[in-house]
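Enquirer: Could you have a look at this structure, given as structure tokens, before my questions?
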Amino acid sequence: MSNIGSILDEVSKSQKKDDITNFCVGDTIKVHVRIVEKTAAKKGKMGQKKGKAEVKERVQVFQGIVIRRKGGGISETFTVRKVSYGEGVERIFPLHSPNIVKIEVARQGAVRRAKLYYLRERIGKAAKVKEKKKQAKKT
Amino acid sequence: MFSGLIGRKVGMTQIFGEKGESIPVTLIEAGPCVVLQKKTSAKEGYEAVQLGYEDIKEKKLTKSLKTKFSKIKVKPKRYIREFRVSNPDDYEVGQELKVDIFEEGSFVDVCGTSKGKGFAGVIKRWGFKGGPASHGSRFHRAPGSIGASASPSRVFKGQKLPGQMGHKRVTIQSLKIVKLDKEKNLLAINGAIPGASRQIVIVEKAEKKS
């Protein structure tokens, strides 16, 4: 039998994406998520129901602060937190999920923690993350 | 058609499904297996096919096994298992069976030896509650009373008591084949299977689900 570790690596490699944008904890990012909608599953207004099940695909953007990157390899995930209408919302994405079309870094944050759970208890201005200062090029 | 193979558990990982959901899978390197012997009701009293898996050096064999393999002119195999079939004459000695006897999306039963936990007490082995840790209870992880004195004045059969836990033949039924790699003889099966990685397992077509 060939090496067990190499078989596992190969299979997970085939599932991994190799073009993932580099981002860190504290960054504000835009995650473009592919969403499949079925119209038949939707509740029609005032008893209106469409007979056919239409499958629609669209891309939704979820913008927020990365508060955690967890795990490694194929099972790595990251958590994005945003405050929406005064309510905190957190979404966990698998890093290699095929449903993620792309990830954009909107703003780089300067943080001193690997996990930003402290943001959950803060409200308003206190829940902000400082922007990372661009390093001056050394000559 | 024939429905079983000997294989080896590779380990667990995850793959993404069609909708982008992540599916936990166990990889099994199943086969290729070689038919070593046919057993018929006329001769042995039952119908079965004997399969061999994984090559082994000839010098490691005992004399009786050496003659067995040299008679049928098959490379010596390390693992030999039997599978019941309805008609053994469909197969030939020396025939190779590969992972393509299964289909993607169909269900299988996987049989292996579970991880040994050693001599375990009733809390670990049977999920007993146990007593309070403190307040002078003096009853912590013991099984408690196993039978009353006057009636029934004996211990019932099957009473749950400490003993060997694990390292036992375990079958998990109706596991879905998520992916199948014919070139590498790999099966990706949804969910967990008994035993540690590198362990020998038997993969058979599911009895209760197709």
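Enquirer: Mind checking the angle between helix B:63-72 and chain B's longest principal axis? C-alpha axes, 0 to 90 degrees, to the nearest 10.
Expert: Result, in degrees: 40.
Enquirer: Something else now. Can you list residues from other chains, or at least 5 along the same chain, whose modelled amide H is less than 5 Å from the amide H of residue B:116?
Expert: When sequence neighbours closer than 5 places are left aside, the close amide H contacts are B:167.
Enquirer: From the backbone phi of the range B:189-203, what are the Karplus-calculated ³J(HN,Hα) couplings (6.51 cos²θ - 1.76 cosθ + 1.60, θ = phi - 60°) in whole Hz, Gly and Pro given as x?
Expert: The phi angles translate into 10, 5, x, 9, 10, x, x, 8, 4, 6, 7, 6, 10, 10, 10 Hz.
Enquirer: Compute the separation of the alpha-carbon centres of the range B:98-123 and the range A:64-125 and state it in Å as a whole number.
Expert: Each part's Cα centre sits 37 Å from the other's.
Enquirer: So, with +1 on the Cβ of K and R and -1 on the Cβ of D and E, and no other charges, what is the size of the charge dipole of chain B about its Cα centre, to the nearest 20 debye? Don't skip to the end; give the middle numbers.
Expert: Details: 40 positive and 21 negative charges, 292 e Å.
So the magnitude is around 1400 debye.
Enquirer: Right, something else. Would you kindly derive the ³J(HN,Hα) couplings of the range B:112-117 from the backbone phi angles with the Karplus curve 6.51 cos²θ - 1.76 cosθ + 1.60 (θ = phi - 60°), listing them in order in whole Hz, with x for Gly and Pro?
Expert: After applying 6.51 cos²θ - 1.76 cosθ + 1.60, I find x, 9, 6, 5, x, 10 Hz.
Enquirer: Points 7 angstrom from Cα along the Cβ direction at residue A:127 and residue B:95: gap in nanometres?
Expert: Here the answer is 6.7 nm between the modelled labels.
Enquirer: Roughly how many Å is it from the Cα centre of the range B:3-23 to that of the range A:13-30, as a whole number?
Expert: So the separation of the two Cα centres works out to 24 Å.
Enquirer: Could you list which residues have their amide H under 5 Å from that of residue A:63, counting only those 5 or more apart in sequence or on another chain, with H placed in the peptide plane?
Expert: Those lying under 5 Å, H to H, from residue A:63 are A:31.
Enquirer: Give me a comma-separated list of calculated 3J(HN,Hα) values for the range B:78-89, in order, Karplus coefficients 6.51, -1.76, 1.60 applied at θ = phi - 60°, integers in Hz, x for any Gly or Pro.
Expert: These are the phi-based 3J(HN,Hα) values: 7, 10, 10, 9, 10, 10, 6, 10, 7, 9, x, 6 Hz.
Enquirer: Something else: Under the rule of at least 5 residues apart or a separate chain, name every residue whose amide H is placed under 5 Å from the amide H of residue B:179.
Expert: Sorted by chain and number, the residues that satisfy this are B:188.
Enquirer: Towards the positive end of the charge dipole of the protein assembly as shown, with charges on Cβ (+1 Lys, Arg; -1 Asp, Glu), say which of B:76, B:41, A:4 has the farthest Cα.
Expert: It is A:4, whose Cα lies furthest towards the positive end.
Enquirer: If the only charges are +1 at each Lys and Arg Cβ and -1 at each Asp and Glu Cβ, what is the size of the charge dipole of the protein assembly as shown around the Cα centre, to the nearest 20 debye? Present the calculation step by step, with values, prior to reporting the outcome.
Expert: Numbers: 75 positive and 35 negative charges, 395 e Å.
Charge dipole, the protein assembly as shown, about its Cα centre: 1900 debye, nearest 20.
Bear in mind that the values in this text are calculations on the coordinates, not laboratory data. It should be emphasised that the depicted structure is a prediction, and the values quoted were computed from it without experimental measurement. Here the Cβ is made from the backbone with ideal geometry for all residues, glycine too, and neighbour counts use every protein chain on show.
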